[in-house]
Amino acid sequence: MSHGTTATSGKVPARAQPAQEVRSRGGRRPARRHRPERLWQRGNGLAEKSGKEVVDEAGKALKDAKSVRMKMDTSEEGAFSIDLAMDNEGNCAGVIDQGEQGKVELVKQGEKVWMKPDQKFWETQAGGPDGAATWELVKGKYLSGTTEDPMMSGMAGTCDLKAIQEDIGSDDEDAKWSDPKEGEVEGQSVVTVESTKDDEKTTLHVAAEGTAYPVQSIGDESGTQSKVTFSEWDKPVADEVPSEEESLDMAKLQQMG
């Protein structure tokens, strides 16, 4: 079956007919039953659309999503990566790994934020003795505060699903996309489209069945590759937050410092 066509020209395959039709009594042929033709369409139909239409469908699906888990990493050594579940109500949970600058566990519920940096984070952010002293104060506890605190706001901004949704399509209006190709990514059926602009190549894999959610986006610029993988669409973000025993108020830490 060729790409973009339907099985048996869009008709339901008929059962094999006998060599001679059986006539009813009286010599008349039995009346034929007319069945409506059915158009068979594979998956969600993205394979038959243009590359631009595939991108638009994926963008709409992301804009309409209530929540998603997003993982991002790059091929550059020591670069940061993220693994965050987030929703459009301001809730988020996951890990931000800044490579050589340390790792931070992050929990956000509305305007309230908890973050737990590791020792490497404090040593690189605060520097030398100050970083070591700060680590001794926190010793693996979560710092609690709100998005009004610049440090908290900076981290929490990484998992703002609404901001991501509002930014969709803002920088690819002139992009030219290839025709979709069918394939599989991480065990999921996808259609793939590609775009090249200046020195940057973008590859987008979109779900070929059900809602046209983006599955994976890969950017390649000057030999450095970044990959974003999406999953767990519309799954509620865990609402468990660190206890008071596990936390240290950010304002108190600043006073102690």
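Do the conditions hold for residue 192, that is, is it in contact with a His (Cβ under 9 Å, 6 or more places away or on another chain), farther than 19 Å from residue 68 by Cβ and open to solvent by less than 50 Å² (accessible area, probe 1.4 Å)?
Numbers: in contact with a His (Cβ under 9 Å, 6 or more places away or on another chain): yes; farther than 19 Å from residue 68 by Cβ: yes; open to solvent by less than 50 Å² (accessible area, probe 1.4 Å): yes.
In short, yes.
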Cβ-Cβ under 6 Å pairs, at least 6 apart or on other chains, region 154-174 side surrounded by 11 or more Cβ atoms within 10 Å (Cβ to Cβ), far side hydroxyl-bearing (Ser, Thr, Tyr) and at pLDDT 85 or above:
156/147
Which one is farthest from the chain's Cα centre (by Cα) among residues in region 205-245 that are more than 22 Å from residue 92 (Cα to Cα) and charged (D, E, K, R)?
221
State which residue pairs qualify: first residue assigned to a loop (DSSP other than H, G, I, E, B) and inside region 50-61, second residue open to solvent by 80 Å² or more (accessible area, probe 1.4 Å) in any location, beta carbons under 9 Å apart, and separation of 6 or more residues or different chains.
50/179
Failed item, numbered, when residue 126 is tested on (1) touching a residue at least 12 places away in the same chain (Cβ under 8 Å); (2) crowded, with 16+ Cβ neighbours inside 10 Å
(1)
Would you be able to say whether some residue in region 237-247 is surrounded by 17 or more Cβ atoms within 10 Å (Cβ to Cβ) and within 25 Å of residue 73 (Cα to Cα)?
yes
Among what's in region 93-109 and is within 21 Å of the chain's Cα centre (by Cα) and not hydrophobic (A, V, I, L, M, F, W, C), pick the residue that is modelled with the lowest pLDDT.
98
When residues of region 135-149 are filtered for being over 27 Å from the mean Cα position of the chain (by Cα) and either without any contact (Cβ under 8 Å) to a residue 40 or more places away in the chain or open to solvent by 50 Å² or more (accessible area, probe 1.4 Å) (or both), how many remain?
7
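Name the one entry in 111, 105, 89, 48 that is open to solvent by 50 Å² or more (accessible area, probe 1.4 Å) and more than 29 Å from residue 240 (Cβ to Cβ).
Numbers: 111 fails: more than 29 Å from residue 240 (Cβ to Cβ); 105 fails: more than 29 Å from residue 240 (Cβ to Cβ); 89 fails: more than 29 Å from residue 240 (Cβ to Cβ).
Just one listed residue meets the conditions, 48.
The values are calculated or read from the model by the stated rules, or taken from the named source; none is laboratory data. Please read all numbers here as calculations on a predicted model, not as lab measurements. Ideal geometry is used to build each Cβ from the backbone, glycine not excepted, and the neighbour counts take in all protein chains shown. Keep in mind that these areas ignore ligands, DNA and RNA; they rest on the heavy atoms of the full protein, side chains included. Shrake-Rupley method; radii C 1.70, N 1.55, O 1.52, S 1.80 Å.
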